[in-house]
Amino acid sequence: MELIKELTWRGMIHDIMPGTEEQLTKEITSAYVGFDPTADSLHIGNLVPVMLLKFLQLSGHKPIALVGGATGMIGDPSGKSAERQLLSLEDINFNLEAQKKQLEQFLDFDCGDNSAEIVNNYDWFKDINLLDFIRDTGKHITISYMMSKDSVKSRLESGMSFTEFTYQLIQGFDFLYLYENKNCKIQMGGSDQWGNIVTGTELIRRKARGEAFALTAPLIKKADGTKFGKSEGGNIWLDPKKTSPYKFYQYWLNSSDADVENFIKIFTLFDKETIDALIIKHNEDKGSRVLQKALGKDITCRVHSEEEYENAVKASEILFKKGQEAVDGLKSLSASLIQDIFEGVPQATFSKADLANGIDIVSAFVEKGKFLSSNGEARRELKQNSISVNKAKVNDTCVLTEEDLIGGKYILLQKGKKNNYLVTVE
RNA sequence: GGGGAGAUACUCAAGCGGCCAACGAGGACAGACUGUAAAUCUGUUGACUACGUCUUCGCAGGUUCGAAUCCUGCUCUCCCCA
């Protein structure tokens, strides 16, 4: 596999420094991507740089994932309109460990010369003192050079602390360090990282008299203009505790036709022939959503597991099937499987005694279940005919009783098509 | 330091003494259509013990039968001049 060719047809190259391709054909080359420990899990937006590393490794080169124990203390101003809140050291370390574990599942760490590696820039920054840094590194980069970066320019009006202004130097130094100590010659990242990366190659040129390269991937845009990787509930995380595999799968399954071709090229390892074939099949019958399903399957299996994927599909089928069929489907499931499938779906537990007396539908949603925030909202939804109990639409006279139990234990409540709530009765 | 403008619901943005729970737009949610889509059409979008009541228009007071609208003080934001 030739990396640049591969990334080109996948639409993953935004900017590339001249000479990068030659470098890659010349020798096994190390390249790195940095990850910011701003949260205790990676989200699907981070998957783009992860895939860059993956394709790099598949094409025979050595990927280095850098977790930003040091840079995370500063805050990258790129693409941010306001000063960042600093994280505590404990938080950073906690986040870092969590992200490291996630990164490990995507790359091969035991395949000889091009085994992947994870490094933490705190390891080298902790021993550097301010004066040395200013003398040895700062001397090579001018203020006007730093000021000309978009990440800085756009913040001159709204304000930017010296701390964030320094960021590009710190990240540039990372590249220099990796160049000198690990023979790393390429830095990759999102297109918003271009400025930071170039500062690194510049440092390497001036201080180490070396040549280093850069490659960035475009920021993912969705056709409808909304932000990629966000849903009502916020970010789509890789951590199943933060985003259930069901929701994760649903996110990909709901990709629009306008986006899904791009997504499948970026986020899956399918080769060109496979993807082209899928696209043809998809276009024959868009309604069957061939691409969305293939994408959802591949990525859910790789991020979570095949088992989680199957549960997600099972849950999807049941939750979106109509009427009696869905109820029968639910009934056929074992209690433990129901727990698995509905992991991440809002849940509540009602007592048997309450149910024996009958629970009116409004209080089931608000007072008892806490699924909706006010009785008014519940009544409104009922009036709009959007509330279902066990897949059947109900009105405001509905009262839940033992009759409604599925498998003697569960009641499935829904608002609209996509909002599911599971009630367990004990 | 001097002068001016402004703060309204998730966001933008009307209203400038009663007809205001507050026009409109966007967003969000739901219904129809559909592919769990897009586009489109429709409805909803402060709370409640609900044809009525209560709490909301930066904060605290005041004038008035009655205020988001007038007055006073405070806080914050923006602009212009020095």
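The values are calculated or read from the model by the stated rules, or taken from the named source; none is laboratory data. Given the structure is predicted, the values throughout are model-derived calculations rather than measurements. Remember, those area values only see protein heavy atoms, side chains included, never the ligands or the DNA or RNA. Shrake-Rupley method; radii C 1.70, N 1.55, O 1.52, S 1.80 Å.
General remarks:
- Euclidean distance between Cα centres, the stretch A:284-350 to the stretch A:241-263, Å: 13
- When the C-alpha to C-alpha distance is required to be over 26 Å, the pairs from A:Lys100/A:Lys185; A:Lys182/A:Lys227; A:Lys370/A:Lys393; A:Lys265/A:Lys321; A:Lys54/A:Lys293; A:Lys272/A:Lys322 that qualify are A:Lys182/A:Lys227; A:Lys265/A:Lys321; A:Lys272/A:Lys322.
- Using alpha-carbon coordinates, inclination of helix A:47-58 to the longest axis of chain A, degrees: 60
- Applying the Karplus relation 6.51 cos²θ - 1.76 cosθ + 1.60 with θ = phi - 60° to the stretch A:8-24 yields 3J(HN,Hα) values of 5, 5, 7, x, 9, 10, 9, 9, 9, 7, x, x, 4, 5, 4, 4, 5 Hz, where x marks Gly and Pro.
- Alpha carbon centroid spacing (whole Å) that separates the stretch A:141-205 from the stretch A:369-426: 53
- Accessible area per residue, Å², the stretch A:372-426 with all protein chains present, probe 1.4 Å: 52
- HN-Hα J in Hz across the stretch A:26-36 - Karplus 6.51, -1.76, 1.60, θ = phi - 60°, x for Gly and Pro: 6, 7, 5, 10, 8, 9, 10, 10, x, 10, 8
- In chain A, the longest principal axis of the Cα atoms and the axis of helix A:257-267 are about 50 degrees apart.
- Per-residue 3J(HN,Hα) values for the stretch A:175-189, derived from phi via the Karplus relation 6.51 cos²θ - 1.76 cosθ + 1.60 with θ = phi - 60°, read 4, 4, 4, 5, 5, 6, 9, 10, 6, 8, 10, 9, 10, 10, x Hz in sequence order (x marks Gly and Pro).
- Between A:Leu156 and A:Ser288, the contour length at 0.36 nm per residue exceeds the Cα-Cα span by 42.5 nm.
- Solvent-accessible surface of the stretch A:242-320, taken per residue with a 1.4 Å probe and all protein chains present: 44 Å².
- Long-range tail of P(r) for chain A (Cα pairs > 34 Å, %): 43
- Helix-only mean residue ellipticity at 222 nm for chain A, each DSSP H run of n ≥ 4 adding -39500 (n - 2.57), per residue, nearest 500: -13000 deg cm²/dmol
- Solvent-accessible area assigned to carbon and sulfur over chain A amounts to 49 percent, based on a 1.4 Å probe.
- Summed over the residues of the stretch A:3-217 and divided among them, the accessible surface reaches 44 Å² per residue at a probe radius of 1.4 Å.
- Normalised per residue, the volume of the convex hull around the Cα set of the stretch A:284-426 (Å³): 121
- The stretch A:179-257: antiparallel DSSP beta bridges as a percent of all, rounded to 5: 40
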